[in-house]
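Visitor: Shown below is the structure under consideration.
Since every read-out is calculated from the coordinates, none of them should be taken as a lab result. Here the structure is a predicted model, which means the values were calculated and not measured.
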């Protein structure tokens, strides 16, 4: 089945065309700067046909996601760099959705009721949900008869028990505003946990910590194949130190900063999301590669930032091991998790008491492109692995599965 996977951001639209029969990406592309200046916006599209290696780039009027979606269709159909002869060859569309609230615990076929519930999630993800809805509407306009599936970043975490997802606020505010831990990166955690379960050869009785580490990072405790706890919360701001996000801290810091720096709620929210984390502590960059280079040049603040991140990951591994009552495997994935050996070593340092025998030589010898790689010694009771994530494959697979139910 040919499945178009769409990931609509606030001003961008990423896409991949999957051939699910062979699990290959046929084409991929990105529309950027969508609607940033209203109707006068000039955006950019880059498209690659991976079968014939033909590329296309252009700057075009891009007022909204509907217009961007039309350009995507044009690129897919193009005689030279396209890959399909008609849109009828695209049998389904799968959408990555950041926040499904408490409404969605699994991927769903799009219908009016689903769209209405997604509208209720606007306040939970004000930057992403409107863009997702525009992306869906754009696809409905240019492909009105093609079934569409929504795959939620939050869905995999819906197995958490109330004691894990509730906050210590008055219960009436939880009921009024749905204030609770939701968790994010669920599609990534689901994929790498599934791959680790294959390696372990079982699901029942397994205890895994998955570490999705990138510009945004989250860690999950997965027991018997289901999420028991996760670091991100009501928003993706919570958890470990990230590229520009602060991660966990005393909530009283927020009103203190607002008072001392004369910030509004929107200003302090932007500060905590965009000016903290690796960037704020190091003073160098939000990119782990730049911070690593600064450490090699002797920058002590850069070293502090990386040590903080490694320490916090290790702390969560320990706390999740306690919560699950044991540990069978640690998995690293995403940009930092797959490519930064020093962070993996810091996170696994001194975990011998848990049964982790970390192989430093294997860790430092990981080749690119990164493949599934064991980082623990042969006798290690706890397995440590790099498993490259593949969220798009999960979205394509879920889409195919649900659409096939319509064909029965």
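Visitor: With a/c under 1.5 counting as rounded, go ahead and sort the stretch 246-316 into rounded, prolate or oblate using the C-alpha gyration tensor (a ≥ b ≥ c being the square roots of the eigenvalues; past the cut-off, prolate if a/b is larger than b/c, else oblate).
Guide: It is prolate, given that a/c is not under 1.5 and a/b is the larger ratio.
Visitor: Take every Cα pair under 8 Å in the chain that's 6+ residues apart, average their separations, divide by the length, and report that relative contact order as a whole percent.
Guide: RCO, the chain: 13 percent.
Visitor: What fraction of the DSSP beta bridges in the stretch 2-152 is antiparallel, stated in percent and rounded to the nearest 5?
Guide: Beta bridges within the stretch 2-152, antiparallel portion: roughly 75 percent.
Visitor: Okay, moving on. From the alpha carbon gyration tensor of the stretch 1-147, can you work out the equivalent ellipsoid semi-axes (sqrt of 5 times each eigenvalue) and give them in Å, largest to smallest?
Guide: For the stretch 1-147, the ellipsoid semi-axes come out as 25, 20, 12 Å.
Visitor: Rounded to the nearest 500, what is the chain's calculated 222 nm mean residue ellipticity when only DSSP H runs of at least 4 contribute -39500 (n - 2.57) each, over all residues?
Guide: Counting only the DSSP helices, I get -11500 deg cm²/dmol.
Visitor: Any number yet on Rg/Rh for the stretch 167-207, C-alpha, Kirkwood?
Guide: Rounded to two decimals, Rg/Rh equals 1.26.
Visitor: Using only the alpha carbons, work out the radius of gyration and Dmax of the stretch 196-347 in angstrom.
Guide: Calculated on Cα positions, Rg and Dmax stand at 16.6, 56 Å.
Visitor: Based on the alpha-carbon gyration tensor of the stretch 123-235 and its eigenvalue square roots a ≥ b ≥ c, which shape applies: rounded if a/c is under 1.5, prolate if not and a/b is larger than b/c, or oblate?
Guide: The shape class here is oblate.
Visitor: Rounded to the nearest 10 degrees, what's the angle between the helix 265-274 long axis and the longest principal axis of the chain, both from Cα atoms, 0 to 90?
Guide: For 265-274 against the chain, the angle is about 80 degrees.
Visitor: Among 25, 240, 370, which one shows the biggest mean-square fluctuation in a GNM of the chain, springs joining Cα atoms closer than 10 Å?
Guide: 370
Visitor: Moving to a separate point now. Can you tell me the 0 to 90 degree angle between the C-alpha axis of helix 186-200 and the longest principal axis of the chain, rounded to 10?
Guide: Helix 186-200 and the main axis of the chain meet at about 60 degrees.
Visitor: Gaussian network model of the chain, Cα springs within a sub-10 Å range: biggest mean-square fluctuation belongs to which of 45, 257, 395?
Guide: Most flexible of the set in this elastic network: 257.
Visitor: Here is a follow-up. Based on alpha-carbon positions alone, could you give the equivalent ellipsoid semi-axes of the stretch 69-152 from the gyration tensor, as √(5λ), descending, whole Å?
Guide: 27, 13, 10
Visitor: Thinking of the stretch 291-408 as a set of Cα atoms, what percent of all their pairs are more than 17 Å apart?
Guide: Beyond 17 Å sits 63 percent of the P(r) for the stretch 291-408.
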